[in-house]
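The values are calculated or read from the model by the stated rules, or taken from the named source; none is laboratory data. This is a predicted model, so every value here is computed, not measured. Methodologically, a virtual Cβ is constructed for each residue, glycine included, from the backbone with ideal geometry; neighbour enumeration extends over all protein chains shown. Only protein heavy atoms, including side chains, enter the accessible area calculation; ligands, DNA and RNA are left aside. Shrake-Rupley method; radii C 1.70, N 1.55, O 1.52, S 1.80 Å.
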Amino acid sequence: MNKKRVNKIIDGKIPSKDDLIVDSIKDQLEEKMQASAMDINVFCKDGYVHMSGMVDVLSEKKTAESIAKDIEGVKKIENKITVAMDSNITDKHMEKEVINQLQNKKNLLGVGVKVEDGVANLLGSANTLKDAHSAMAVASEVRGIKDVVNNIKISNAEYDDAQINSHVTQSLSTTNLSYKDIAHSVNNGKLTLSGYVNSKEEMELAKEIAMGVEGVKKVINKLKIRK
């Protein structure tokens with residue numbers, strides 16, 4: 001891979017914050033996506049990032065946006081990256097491939113799909129919200145899929161809100177997170193996380209753990225990073 005860009009002073013002009021943001025995004029895209037980043041264009045004005053270009057599959061478009069979001073100074077992202085289309089790949093072909101990939105995952109056997117105009121509509125049921133998101137990730141890896149709609153139902157017939165909340169506490173307590181600083185409540189299967197964690201990584205970990213608890217239909221993340 002190429003070495004990281006050096007922000008040189010050209011014609012007496014010091015690189016702006018937007019220039020630094022663009023360089024940081026491009027560095028991370030090249031490092032984490034390698035050849036897939038070659039056709040991605042990045043522009044930034046006052047912290048607002050515009051991404052364009054083309055990638056092979058939807059998952060790469062989502063990865064590029066996720067990388068940009070992690071760069072300091074980015075306020076908002078407009079993701080106009082398009083997914084390469086192949087006229088030989090029909091909706092039926094994509095539908096069959098998504099189903100084949102889902103059936104390779106034991107935890108996703110209850111999930112089905114209907115593809116129309118390249119948009120995969122995921123149907124059926126899953127045990128956890130984490131499984132539903134895994135199904136979305138599987139579909140986004142299939143060539144030709146340009147968007148994924150999640151209509152998967154989360155099974156929670158066995159648990160009421162109090163039980164779900166208790167299971168979240170148990171799950172958080174098995175990690176290195178300072179779970180006593182994390183508050184949470186459940187309303188009709190919708191879990192709200194609040195309180196404080198030490199880093200963005202801990203914030204994401206807490207959310208991922210919560211998504212893996214049976215009965216949780218949605219996670220509203222209001223956690224803050226401790227200063």
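For D91, the stated conditions do not hold, so it cannot be described as free of Cβ contacts under 8 Å to residues at least 40 places away in the same chain, crowded, with 16+ Cβ neighbours inside 10 Å and under 21 Å from I209 (Cα atoms).
The set of residues from segment 62-87 being touching a residue at least 60 places away in the same chain (Cβ under 8 Å) and either in a helix (DSSP H, G or I) or surrounded by 15 or more Cβ atoms within 10 Å (Cβ to Cβ) (or both) comprises K62, V83.
Within segment 146-173, take every residue that is within 24 Å of the chain's Cα centre (by Cα), part of a loop (DSSP other than H, G, I, E, B) and not hydrophobic (A, V, I, L, M, F, W, C) and give me the one that is surrounded by the fewest Cβ atoms within 10 Å (Cβ to Cβ). Step by step, filter segment 146-173, then rank; the result is N151.
Conditions (1) modelled with pLDDT under 95; (2) in contact with a strand residue (DSSP E or B) (Cβ under 7 Å, 6 or more places away or on another chain), marked per residue:
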residue	(1), (2)
V6	yes, no
D11	yes, no
P15	yes, no
V49	no, yes
V55	yes, yes
S66	yes, no
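What do you reckon, is V142 in a loop (DSSP other than H, G, I, E, B), open to solvent by less than 20 Å² (accessible area, probe 1.4 Å) and of a type in the set (A, V, I, L, M, F, W, C)? It is true that V142 is in a loop (DSSP other than H, G, I, E, B), open to solvent by less than 20 Å² (accessible area, probe 1.4 Å) and of a type in the set (A, V, I, L, M, F, W, C).
Only one of the numbered conditions (1) modelled with pLDDT of 90 or more; (2) touching a Gly at 6+ places or on another chain (Cβ under 6 Å); (3) under 16 Å from E214 (Cβ atoms) is violated by N156, and that is (1).
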